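What follows is one structure encoded as structure tokens, with my remarks underneath.
The values are calculated or read from the model by the stated rules, or taken from the named source; none is laboratory data. Every value quoted in this text rests on a predicted model; they were computed, and no experiment measured them. Cβ: placed from backbone, ideal geometry, glycine included. Neighbour counts: every protein chain shown.
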Amino acid sequence: MMLEIFGCVVVLLAAIGAAWFTNRVRTGRLSANVTRLGALLCGAGLVAMIVSDFPLTANRFWADHSVLAAMLSSALLVGAVYLAYEYRELERQAELARGLSGTGLAGVVDHMVDLELALVLAVSPRPARPS
């Protein structure tokens, strides 16, 4: 009985931790590398869970606690997929930002050239207008 309660508490804490982690990823508070690490850890946890209760082993914890196993495996699978997707999106955003910063610098150079031309035209002697 105590093992079941402990297992439920661990799964609930893991779910709360995963929700907290994904919220921080979604709001952009964590880097792409931390997101990738989270996706890998979720995937590794899912594989460890499957291997720990493989049909040929004597351990039958997950088989005996199917609701707990379903909750944990679903949370790990969703976490791995979501974090992998977010990692890819963060990488695409970084690539876009790098491209935009280059474009922005080119725009600054264009404005500097325009300003220089305007100054040259302003101080150059003008020919007299025929009247």
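List the helices (runs of 4 or more DSSP H) inside the stretch 23-131, counting only whole elements, that have at least 1 residues being at pLDDT 85 or above. Quick ask: steps written out before the conclusion?
Values: elements: 32-52, 61-64, 66-123.
Passing ranges, in order: 32-52, 66-123.
Consider THR22 carefully, then state whether it is more than 18 Å from VAL81 (Cβ to Cβ) and among the β-branched types (Val, Ile, Thr). Steps first, please.
Working: more than 18 Å from VAL81 (Cβ to Cβ): no; among the β-branched types (Val, Ile, Thr): yes.
Considered against the rule, which asks whether it is more than 18 Å from VAL81 (Cβ to Cβ) and among the β-branched types (Val, Ile, Thr), THR22 comes out as no.
Considering every residue within the stretch 31-42, establish whether at least one is in contact (Cβ under 8 Å) with a residue 40 or more places away in the chain and either farther than 26 Å from ALA94 by Cα or of a type in the set (Lys, Arg) (or both). Checking the stretch 31-42: at least one residue is in contact (Cβ under 8 Å) with a residue 40 or more places away in the chain and either farther than 26 Å from ALA94 by Cα or of a type in the set (Lys, Arg) (or both).
Within the stretch 1-18, the set of residues being in contact with a helix residue (DSSP H, G or I) (Cβ under 9 Å, 6 or more places away or on another chain) and under 25 Å from TYR87 (Cβ atoms) comprises VAL11, ALA14, ALA15, ALA18.
Look at VAL11 and say whether it is modelled with pLDDT of 85 or more and either surrounded by 14 or more Cβ atoms within 10 Å (Cβ to Cβ) or over 22 Å from MET71 (Cα atoms) (or both).
Numbers: modelled with pLDDT of 85 or more: no; either surrounded by 14 or more Cβ atoms within 10 Å (Cβ to Cβ) or over 22 Å from MET71 (Cα atoms) (or both): yes.
Spelling it out, it is not the case that VAL11 is modelled with pLDDT of 85 or more and either surrounded by 14 or more Cβ atoms within 10 Å (Cβ to Cβ) or over 22 Å from MET71 (Cα atoms) (or both).
If we keep just the residues of the stretch 39-54 that are of a type outside the set (A, V, I, L, M, F, W, C) and more than 12 Å from LEU77 (Cα to Cα), which is surrounded by the most Cβ atoms within 10 Å (Cβ to Cβ)?
The selected residue is ASP53.
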